[in-house]
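Q: Before we start, here is the structure in question, set down as structure tokens.
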Amino acid sequence: MAIIGLMDQRITLQSRSVAIDAVGQETITWTTVAEVWAEVTQIRGRELFAAAGTVYENSTRIRIRHRTDVAATWRVVWGTVHLDIISVIAAGGRNDLTELMCLEGVKDGR
């Protein structure tokens, strides 16, 4: 089966913006750039202990049709899950795919 046939999940690509509010605090906002079909594969999950609490980190690989505008500061919304993009890789035999390596619950686009 061609990889395009495996792209059966709808995701939203969002870019990060920072605004300064009335009291000088940074406010992060997310703007939807595109909704695309994707192949989503959850790779691994782990539990970390930090700051007297437990943090969960899930790694996910997402493949979409080739795009040149996706940045590692963006995030992916997959259903109710928000995934921070860690790396963007041109993939496929003719660079016809873009592969996004993502983490859930760690960096929030920073």
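Q: Kirkwood hydrodynamic radius of the stretch 3-104 from all distinct Cα pairs, in Å?
A: One over the average 1/r among Cα pairs gives 14.8 Å for the stretch 3-104.
Q: For a footprinting-style exposure proxy, rank Thr98, Thr29 by other Cβ within 10 Å, fewest first.
A: Starting with the residue having the fewest Cβ neighbours, the order is Thr29, Thr98.
Q: Also, quick follow-up: If you put +1 on each Lys and Arg Cβ and -1 on each Asp and Glu Cβ, how big is the dipole of the stretch 3-104 around its Cα centre, in Debye rounded to 20?
A: 280 debye
Q: Quick one: Leu13, Leu6, Leu100, fewest Cβ neighbours within 10 Å first, how do they rank?
A: Ascending number of Cβ neighbours within 10 Å: Leu6, Leu13, Leu100.
Q: List the relative contact order of the stretch 3-104 as a percent without decimals, with contacts defined as Cα pairs under 8 Å and 6+ residues apart.
A: Averaging sequence separation for qualifying contacts and normalising by length gives 25 percent for the stretch 3-104.
Only the coordinates and a few stated rules stand behind these numbers; no lab work does. Quantities reported herein were computed from a predicted structural model and do not represent experimental measurements. Cβ coordinates were reconstructed from backbone atoms using ideal geometry, including for glycine residues, and neighbour counts include every protein chain displayed.
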